[in-house]
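Shown below is the structure under consideration.
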Amino acid sequence: MEYFDFVKAVKYEGPASKNPYAFKFYNADEVILGKKMSEHLPFAMAWWHNLGANGVDMFGRGTIDKSFGATPNTLEHAKAKVDAGFEFMKKMGIKYFCWHDVDLVPEQDDINETNKLLDEVSDYILEKMKGTDIKCLWGTANMFSNPRFMNGAGSTNSPEVFAFAAAQVKKALDITVKLGGRGYVFWGGREGYEYLLNTDMALEQENIARLMRMAVDYGRSIGFKGDFYIEPKPKEPMKHQYDFDAATAIGFLRAHGLDKDFKMNIEANHATLAQHTFDHELCVSRINGMLGSIDANEGDPLLGWDTDQFPANVYDATFAMLQVLKAGGLTGGFNFDAKNRRPSNTREDMVKAFILGMDTFALGLRKAAAIIEDGRVDEFVNEKYAGWKKGLGKDIIDGKYDLKSLSEYACKLKNTKEPCSGNQEGIQEVVNEILFGGK
Ligand code: XLS
Ligand code: CA
Ligand code: CA
């Protein structure tokens, strides 16, 4: 069966094209700063949103038919999703996919039955992958939907529930390795708390680290060479989540000796929920050597929750791509953890959403490269911090002063002039000129 029969393949036609099923900015083979766009931007499809999300919200049932011609929650349906997903990825030119265990198969009452289904459907996926260049970006275990996880997974009060979390992580790692995944994600869905007085925070955090350590030991023992990722998020579903933002998650990894095996998977919408910008979170990860992968989406600035929209904001994408370029690229990829709006309920909308997301990041890449090539922003920053490369600044960095000798230095000067202007408006003008100046 052909699920997206209205389009053969989405191709690049350039900015003048009016074809709704063509890329205007994403040109896979075009070389930017020495690398093909497809290498800069390893895009991925999120199984859960693209093949699962049907528009349901707490005020009403689904609006989008994701049955793909099968009876929902059956093995037949799980396989129809694989068929639809591979047709979609091929037509879009998407080379990677991401999944939770329960996106691949319907969860059964007995975990052994769920595992059997996972074996069967992952065999089917493996078969589909043959003869294509489509690969698994990362896998993860959903340890937040089943009611058993209401008090957390790694952070649960119940050792039995902790054992079930371990079993899910083990199976999800087995399948990640089987599908050749680049990474394995921990998003701490319910790893947080609602109320402090009934919570043992120290034990909960130690146990999360314990589960992660077990995952690393097991993963390495079965040949998983990729990165583990923490995907920080400050709230929702829990009021307080332990992986609040990149800085918190990196501190946690270092405190528990997990920093060599883990990197960050930064989601744009989670950054804004933490009152940060997307590029702030990318920068914190980058300067700590932990920028691994990206969940490419955006939130609505007027709503305080996780709306998981397809990225459209070219400013944000440009600033994000600046960080990615400065990091020398991602070891992971760009997973569209994004869903169509509830009223965008047709298959055509699914295709248009990915065209929007891919073109937005392609524009971001083009504009970030143009900012780097233009050089004025970097030149200003170099100049702003030039004092640290010579004289007093260099001596401080080289450890030639202590607090007392610096105090003597300052007292001798008596007073100092102000540092140079921050030139923010000047830089903003340069950025606008590069974005909209028609170059
Ligand atoms: C939820 C998260 C989730 C992770 C994977 O907010 O974004 O979907 O990416 O569990
Ligand atoms: Ca995500
Ligand atoms: Ca999200």
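The values are calculated or read from the model by the stated rules, or taken from the named source; none is laboratory data. A quick note: this is a predicted structure, and the numbers were derived from the prediction, not measured. Here Cβ is always computed from backbone atoms with ideal geometry, including for glycine, and neighbour counts include all displayed protein chains.
The rows are residues; the columns are (1) part of a helix (DSSP H, G or I); (2) of a type in the set (Lys, Arg); (3) in contact with a His (Cβ under 9 Å, 6 or more places away or on another chain).
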position: 366; (1), (2), (3): yes, yes, no
position: 395; (1), (2), (3): yes, no, no
position: 401; (1), (2), (3): no, no, no
position: 408; (1), (2), (3): yes, no, no
position: 412; (1), (2), (3): yes, yes, no
position: 417; (1), (2), (3): no, yes, no
position: 432; (1), (2), (3): yes, no, no
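Hey, another quick one. Scan region 145-198 for residues that are charged (D, E, K, R) and in contact with a strand residue (DSSP E or B) (Cβ under 7 Å, 6 or more places away or on another chain) and jot them down.
182, 191
Another question about this same structure. Which ones in region 123-142 are touching a Ser or Thr at 6+ places or on another chain (Cβ under 9 Å) and of a type outside the set (Phe, Trp, Tyr)?
Scanning region 123-142 gives 136, 137, 139, 140.
Oh, and also: May I ask you to list the residues in region 267-290 that are within 16 Å of ligand 1 (Cβ to nearest atom) and not in a helix (DSSP H, G or I)?
267, 274, 276
Just a yes or no: is a residue in region 320-332 more than 16 Å from ligand 1 (Cβ to nearest atom), part of a loop (DSSP other than H, G, I, E, B), surrounded by 17 or more Cβ atoms within 10 Å (Cβ to Cβ) and among the polar types (S, T, N, Q)?
No: zero hits.
Run residue 90 past the list (1) in contact with a Pro (Cβ under 8 Å, 6 or more places away or on another chain); (2) assigned to a helix (DSSP H, G or I) and report the number of the one that doesn't hold.
Here residue 90 clears every test but (1).
So residue 169 ticks every box in (1) closer than 21 Å to residue 44 by Cβ; (2) more than 16 Å from ligand 1 (Cβ to nearest atom); (3) assigned to a helix (DSSP H, G or I); (4) in contact with a helix residue (DSSP H, G or I) (Cβ under 6 Å, 6 or more places away or on another chain) but one. Which box is left unticked?
Failing condition for residue 169: (2).
Same structure, new question: Go through the residues of region 120-136 one by one and say whether even a single one is touching a residue at least 24 places away in the same chain (Cβ under 8 Å) and within 15 Å of ligand 1 (Cβ to nearest atom).
Checked region 120-136: at least one residue is touching a residue at least 24 places away in the same chain (Cβ under 8 Å) and within 15 Å of ligand 1 (Cβ to nearest atom).
Only one residue in 235, 239, 260 is surrounded by fewer than 22 Cβ atoms within 10 Å (Cβ to Cβ), modelled with pLDDT of 95 or more, within 14 Å of ligand 1 (Cβ to nearest atom) and among the basic types (Lys, Arg). Which one?
Step by step, each of 235, 239, 260 is checked, and only 235 is surrounded by fewer than 22 Cβ atoms within 10 Å (Cβ to Cβ), modelled with pLDDT of 95 or more, within 14 Å of ligand 1 (Cβ to nearest atom) and among the basic types (Lys, Arg).
Hey, does region 396-412 have a residue that's within 25 Å of residue 326 (Cα to Cα) and modelled with pLDDT of 95 or more?
Looking through region 396-412, at least one residue is within 25 Å of residue 326 (Cα to Cα) and modelled with pLDDT of 95 or more.
Being more than 26 Å from residue 434 (Cα to Cα) and of a type in the set (D, E, K, R), is that true of even one residue in region 312-331?
Checked against the condition, which is being more than 26 Å from residue 434 (Cα to Cα) and of a type in the set (D, E, K, R), region 312-331 yields no hits at all.
Something else now. Applying the selection to region 49-78, what residues are surrounded by fewer than 19 Cβ atoms within 10 Å (Cβ to Cβ), in a helix (DSSP H, G or I), in contact with an Asp or Glu (Cβ under 9 Å, 6 or more places away or on another chain) and not aliphatic (A, V, I, L, M)?
52
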